[in-house]
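A short reminder: the numbers here are calculations on the coordinates, not readings from a lab. For clarity, every value in this text was computed on a predicted model and none was experimentally measured. Reconstructed Cβ throughout: ideal geometry from the backbone, glycine too, with neighbour counts over all protein chains shown.
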Amino acid sequence: MPQQRQLPVPPNWWLCHTEVVHVSNFIVRLSTLAACAGALAVAAPAVAQDEAGFQAYLPQLRAQAIREGVRPATVDSVLPTLTYNARVVELDRGQPGNPQSTRIPPFAPYKARHVDAARIGRGQKAYAANRAKLSRVEATTGVPESIMVAIWGHETNYGSYTGNFDLLRSLATLAYEGRRRQLFAGEFVATLKIMDRGIPRETLKGSWAGATGNPQFLPSMYLRLAVDGDGDGRVDIWNSQADTLASIGNYLLNAGWRAGQPWGFAVSVPASFDRATLTNRLVSPRCPRVFERHSNWRTMAEWRAAGIVPQGRSWPADDVLATLMEPDGPGQTAYLLTSNYRVILDYNCSNFYALSVGLLADAVER
Ligand SMILES: [Ca+2]
């Protein structure tokens, strides 16, 4: 799902409910769990997470929606149908909690699973079936047709699974649960606004965390960036392939895609290569652990002069900038990554995701 759909996870949110017990932003070890449990027990008034509490919270969501201009009739058609969804909270709490301690696995097995013959084959069919629409989108956005197809393939396996959670129920539950109330209340209201635009409630299904439709946009992302690709006047990322692909293209254009540049490509690094000079000293404010795996920026001419050799393609223009990443370490396939790779990271901030999207796009086009 797009980066904006990635959920900002406050440090240590998994330890205890931050509204009841404040946990500092410093490293808190798992042993603190016991302390949190104790604190929860004494912190009064502890609000039980249950149906009654959920129902008592809903008027707040109603007020916010009305304040933000949702039609009262829309709000009132939805609110009486909502119930607390304990499963969503369970899934939210099951998210990886402490990425600092997670060892980074090798890329090769991930690639084998995500850029496999079946996904390439389905991508080639989708690509062939949508060429006319795709070339129109590429002409207006500069985003290669194959990249749009590869994102679609990664997000929902070309629309074959888009999620079955009732968005409004999930988002209201997560807003009530409270750890990221502002985010989820905002997405809840955005979902109501989508209904105001004529999309029926039963269409608004998605992942437990609110990503919806073929491109797995958050509702606010839909409002901002989804577009009508087939010209029927509706922006339907749930049923229309043209709208899906055009919306992905528009997303990537908005995130800064540069026409005419590759996302990156595989390279061989000479055994004698001096990595000491490559360190990237900038710390990204956004998902820093993803960006810290990239070298500093150099031009293609500089990489060539350093002995890097492209695998199975020629060099792009000399002045195109790229970083180097060696996901499986020295001696294995490495990648030069342009600013367009960063745009894919904007959709989903994971190196494995972005590399797989790029490689799937290349395979689909082949
Ligand atoms: Ca349409």
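In segment 223-366, a dipole from Cβ-located charges (positive for Lys and Arg, negative for Asp and Glu) runs towards its positive end, and of His294, Val267, Gly233 it is His294 whose Cα lies farthest in that direction. The dipole here belongs to segment 264-337: it is taken about the Cα centre, uses +1 on the Cβ of Lys and Arg and -1 on the Cβ of Asp and Glu, and is about 200 debye.
For segment 264-337, what's the relative contact order in percent, using C-alpha pairs closer than 8 Å and at least 6 residues apart?
Details: 108 pairs, mean separation 32.3, N = 74.
With pairs under 8 Å counted, the relative contact order is 44 percent.
By the count of other C-beta atoms within 10 Å, a proxy for reagent exposure, His294, His114 are ordered fewest to most as His114, His294. Distance distribution note for segment 264-337: the fraction of Cα pairs above 21 angstrom is 21%.
Annotation: amide H of Gly142 has no partner in the under-5 Å range at sequence separation 5 or more or interchain, hydrogens built in the peptide plane. The loop-placed trypsin sites (Lys or Arg not before Pro) in segment 145-200, going by DSSP, that have at most 16 neighbouring Cβ atoms within 10 Å of their Cβ come out as Arg197. In loop segments of segment 285-366 as defined by DSSP, the chymotrypsin sites (Phe, Trp or Tyr not before Pro) with at most 16 further C-beta atoms inside 10 Å of their C-beta are Trp297. Partner lysines whose Cα lies under 18 Å from the Cα of Lys133, excluding those fewer than 8 positions away in the same chain, are identified as Lys125. The packing ranking of peptides 275-281, 131-137, highest mean first, is 131-137, 275-281, where packing means the average number of other beta carbon atoms within 10 angstrom of each residue.
Over segment 187-301, Cα pairs under 8 Å with separation of 6+ residues give a relative contact order of 15 percent.
For a quick check: sort Leu79, Leu204 by the number of other beta carbons within 10 angstrom, fewest at the front. Spell out each step's value before the answer.
Working: Leu79 17, Leu204 24.
Listing Leu79, Leu204 from fewest to most nearby Cβ atoms yields Leu79, Leu204.
Each of Ile199, Asn157, Ala211 was scored by the projection of its Cα onto the charge dipole of segment 103-225, and the greatest displacement toward the positive side belongs to Asn157; charges sit on the C-beta of Lys, Arg, Asp and Glu.
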